[in-house]
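Chemist: Please find one structure pasted underneath; my questions will follow.
Rule-based calculations on the coordinates, nothing more; no lab input. If you're wondering where the values come from, they're calculated on a predicted model, not measured in any experiment. Every residue, glycine among them, receives a Cβ derived from its backbone with ideal geometry; neighbour counts consider all protein chains shown.
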Amino acid sequence: MSSTNIVNIFEIKNLDYKYPGNIPALRQINFNVREGESVALVGANGSGKSTLLKLLDGLIFPSSGEIRAFGTTLSEKVVDSGAFAREFRRKVGLVFQDPDVQLFSPTVWDEVTFGPLQLGIPKEEIISRGLDALQLLNIAHLKERLPYLLSGGEKKKVSLASVLSLRPQVLLLDEPTTGLDPRSQGNLIDFLLEWSDEHNILIFSTQDLDIVEELATRVLVIGSEHDIITDDKPEAVLSDRDFLLKANLIHEHSHRHKELIHRHEHAHDHHH
């Protein structure tokens, strides 16, 4: 599976996804993603951001429409077995919002080396990749620890390290800064900025407009009707106060300062 001459790594056409009971999660989603892009998926809770990431990772499949990755239409058949499946799982990695969903191995080291082991990579290369991933996230000291005994922030880093050990081209991150203290958030942003280049792709969901400004080259806003209501550059989206209010990405509420009451705008998870 070569990306040679493929302009778009992902092509999403007329995608609909419904939960059991015919409940809509995403409606008529259309967009492409090229090499080198850093795409923020932004929207209120329940808009479908996490569902879209799972679709891009081939964990679930559209109710209708199509997702093409590296020139191949994703389906249960092509993602479950065969040469494309192995290469797709190597190139595309998803980090869930809740690390407890992702972590299952007895030690951090087992967690970080599990993916490369499944791909049949030589032992020496597995060890090298595992150590590199731990060092990238400054968690080498956790190597022999039990994942379920770690803090939330440590679990998040281990989840990311377990994906980075695959050395993917595409990172899918669901609310990547949730549960991280400010220093860890800063370290993660620094790492992602360094990781991004003209070949790698970052697609992340968030309600934190700070990291959209710092990381994204492009913003897709998913509205309350589960469709894309804008696809634009971060500076265009973030500077449009009326749009942000309408899309429920910022809100106004009152503050009391001694005898005065006045109103401030707030972004979800936006530090002020």
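Chemist: Do the sum for the chain: with -39,500 (n - 2.57) for every DSSP H run of n ≥ 4, divided by all residues, what is the mean residue ellipticity at 222 nm, to the nearest 500 deg cm²/dmol?
Modeler: Mean residue ellipticity, 222 nm, calculated: -9500 deg cm²/dmol.
Chemist: Within region 69-135, list the chymotrypsin sites (Phe, Trp or Tyr not before Pro) lying in a DSSP loop whose Cβ has at most 15 other Cβ atoms in a 10 Å radius.
Modeler: For chymotrypsin sites (Phe, Trp or Tyr not before Pro) across region 69-135 that sit outside H, G, I, E and B with at most 15 neighbouring Cβ atoms in 10 Å, the list reads Phe104.
Chemist: What does the convex hull of the alpha-carbon atoms of region 27-180 project to on average, in nm²?
Modeler: With every direction weighted equally, the projected area is 9.8 nm².
Chemist: Considering the Cα trace of the chain, what is its radius of gyration and what is Dmax, both in angstroms?
Modeler: Rg then Dmax for the chain, in Å: 19.4, 69.
Chemist: Evaluate the distance, in nm, between pseudo-label points positioned 7 Å from the Cα of Gln169 and of Leu59 along their respective Cα→Cβ axes.
Modeler: According to this spin-label approximation, the distance is 2.2 nm.
Chemist: What is the spin-label model distance, in nm, from Gln118 to Glu235 if the labels are put 7 Å beyond Cα along the C-beta direction?
Modeler: 4.1
Chemist: To continue, here is another question. If you rank Leu53, Leu146 by fewest surrounding Cβ atoms within 10 Å, what's the result?
Modeler: The order, fewest Cβ neighbours first, is Leu146, Leu53.
Chemist: Now, a different point. Name the aspartates and glutamates eligible as straight-distance cross-link partners of Lys246: C-alpha to C-alpha under 15 Å, and not fewer than 8 places from it in the same chain.
Modeler: Partners within reach: Glu225, Asp227, Glu265.
Chemist: For a quick check: with amide H placed at 1.01 Å from N, whose amide H comes under 5 Å from Ser63's, ignoring anything fewer than 5 positions away on the same chain?
Modeler: Asp16, Tyr17, Lys18
Chemist: Under the 0.36 nm per residue contour assumption, what length would be gained going from the current alpha-carbon distance of Asn32 and Asn187 to full extension?
Modeler: That works out to 52.9 nm of additional length.
Chemist: Contact order normalised by length for region 8-267, with contacts defined as Cα pairs under 8 Å and 6 or more residues apart; what percent is it?
Modeler: On the way: 470 pairs, mean separation 64.1, N = 260.
Across region 8-267, relative contact order equals 25 percent.
Chemist: GNM, the chain, Cα, under 10 Å: largest mean-square fluctuation among Pro122, Pro20, Pro176?
Modeler: Result for the chain, Cα springs under 10 Å: Pro20 fluctuates most.
Chemist: Could I ask something else about it? Based on alpha-carbon atoms only, what is the radius of gyration of region 119-245 relative to the globular estimate 2.2 N^0.38 Å?
Modeler: It is 1.22.
Chemist: Over region 10-109, what relative contact order in percent results from Cα pairs under 8 Å that are six or more residues apart?
Modeler: 27
Chemist: Using a Förster radius of 41 Å, what is the FRET efficiency between Ser151 and Ile23 based on their Cβ-Cβ separation? Nearest 0.05, please.
Modeler: For R0 = 41 Å, the calculated efficiency reads 0.75.
Chemist: For Thr217 and Thr107, what does the FRET efficiency come to when R0 = 41 Å and r is the distance between their Cβ atoms, rounded to the nearest 0.05?
Modeler: 0.65
Chemist: Here's something else I'd like to know. Name the long-range amide H neighbours of Leu94: under 5 Å, sequence gap of 5 or more, or other chain; modelled H, no Pro or chain starts.
Modeler: Under 5 Å from the amide H of Leu94: Leu172.
Chemist: If each residue of separation counts as 0.36 nm, what is the full-extension length gain between His141 and Trp195 once their alpha-carbon separation is subtracted?
Modeler: 17.2 nm
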